[in-house]
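The values are calculated or read from the model by the stated rules, or taken from the named source; none is laboratory data. In this text the structure is predicted, and so the values were computed from the model without any measurement. Cβ coordinates were reconstructed from backbone atoms using ideal geometry, including for glycine residues, and neighbour counts include every protein chain displayed. The accessibility values were calculated without ligands, DNA or RNA, using every heavy atom of the protein model including side chains. Shrake-Rupley method; radii C 1.70, N 1.55, O 1.52, S 1.80 Å.
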Amino acid sequence: LGGQEMSAPARPRRLIRIPRTAIPPEQLPARIVRSFSLLTACLWLAFGIVHLHADVISDPGDTSLWMQPLEVPWPKPASMFKPTFLFCNSSHLIAASRYATYAASRQNTSEPLADFKKLATASPAALLCGSQGCDMYITRDKEMGPWYAAPLRPSAEAQATVDLPLSWRGPISVSPVTCSAESCHAWVVGWDGAVVVGRLQGSTDFAVANSSSAIRQWSFEPHLDVSPGLGTCDLDSMWGSRRCQALASKNYSSIQGLHVGANGKLLLVLLKGGLLDAWDLEEGRFSGRWQLHGTTANADYTFMCHDGKHELLIAAAHRLDFGAASLFSAQLPRALSEDEVKVGCASAPKAEMEKDATPEVLV
């Protein structure tokens, strides 16, 4: 037809009928939106709880510090001996009850302690130790009574007055005493509802160097208060700044033990619940908080001592069980280690110690 090309007629489109059951219900989109919103809300709540626990509920900056139990031959009857004081160095442990003070030699943590020998019929609050030994102890006759220093060994040396605050109660700690021909001084830390750090100083006319027994009066000069929120806080953690802020809201209203290191640089504070705080007093910095682990749940940490290097000894009393108090050893982090200052028993001549471990030699 005129050369025009004929096109095939278009095929009619086939209609596909959708089954009635295949049509989604009108409520499905709303149901999907509600389910997604509920899931999002649950995830948000879960992450919020994790964040709250990490930054507020849990103790900020906690790091585990594991302890090992030690075999201790407490003075007899051992099951009824209740430590009220601990002092230790690399060679000896001194422990006291309310009525007497005892000393035992120690080599290392892998060997048991030797039997305790009685030193004095008194309970010290702290020892005055220098390069020639621990010759004096600080105590008071009654609560809120005046402090004084007395010789550990029976001697003609008179007692010395110690002008520590009468409001101090609980544990105190004194750093190793350093002396010259004119005076002696030491750092001291105590607690009266807050942790107070100061210096003890005494002058003498005696030509006796390196001995605190020549001092007849110790004066006290308060230096600073220590509590969370003061100084700087540089916790190395993901939430470091927020953990520091959470710590600042706490205080030292109840403590179990104190330790001030040589030269007044290191301060350790033992809190209830087995928490150990460390401070660098030289830099004015909070060094961190450690959670003690390794003892039973029904034990109360009562006293601690630092050996002057890297070991911490901690006594624990059992609340529910009968039996003797326990003693634990913990290796401190390198940042909290100190260069050992030779004090107390470590300065005793080796030959004399091998010959007789009597109280006279121990101090």
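Among residues other than Phe328 whose Cβ falls under 12 Å from its Cβ, what is the net charge (Lys/Arg +1, Asp/Glu -1)? Local charge sum for Phe328: -2. Tally Lys and Arg at +1 and Asp and Glu at -1 over the other residues with C-beta under 15 Å from the C-beta of Leu224: what net charge comes out? That sum, taken over residues with Cβ under 15 Å, equals -3. At an R0 of 25 angstrom, the distance between the Cβ atoms of Asp300 and Arg169 translates into a FRET efficiency of 0.90. Accessible area of Phe85 (1.4 Å probe, protein heavy atoms only, ligands and nucleic acids ignored): about 20 Å². Between Lys309 and Trp66, the modelled label-to-label distance comes to 2.1 nm, taking each label 7 Å out from Cα in the direction of the beta carbon.
What shape does region 90-135 take by its C-alpha gyration tensor, where a ≥ b ≥ c are the square roots of the eigenvalues and a/c under 1.5 counts as rounded, a/b above b/c as prolate, and the rest as oblate? Taking the square roots of the gyration eigenvalues as a ≥ b ≥ c, region 90-135 is oblate.
Give me the extension gain from Arg285 to Lys118: residue separation times 0.36 nm, minus the current Cα-Cα distance, reported in nm with one decimal. Mind dumping the intermediate values first?
Details: separation 167, 0.36 × 167 = 60.12 nm, distance 3.99 nm.
The Arg285-Lys118 span can extend by a further 56.1 nm.
Checking the cross-link pairs Lys142/Lys250; Lys82/Lys142; Lys118/Lys142 against a 29 Å limit on the alpha carbon distance flags Lys142/Lys250 as lying beyond it.
At a probe radius of 1.4 angstrom, the accessible area of region 95-147 per residue rounds to 48 square angstrom. Work through the residues other than Glu111 whose Cβ is under 15 Å from its Cβ and net out their charges, Lys, Arg +1 and Asp, Glu -1. My count for the surroundings of Glu111 gives -3. Note on Arg140 and Ala194: their simple-model spin labels are 1.8 nm apart, each label 7 Å out from Cα toward Cβ.
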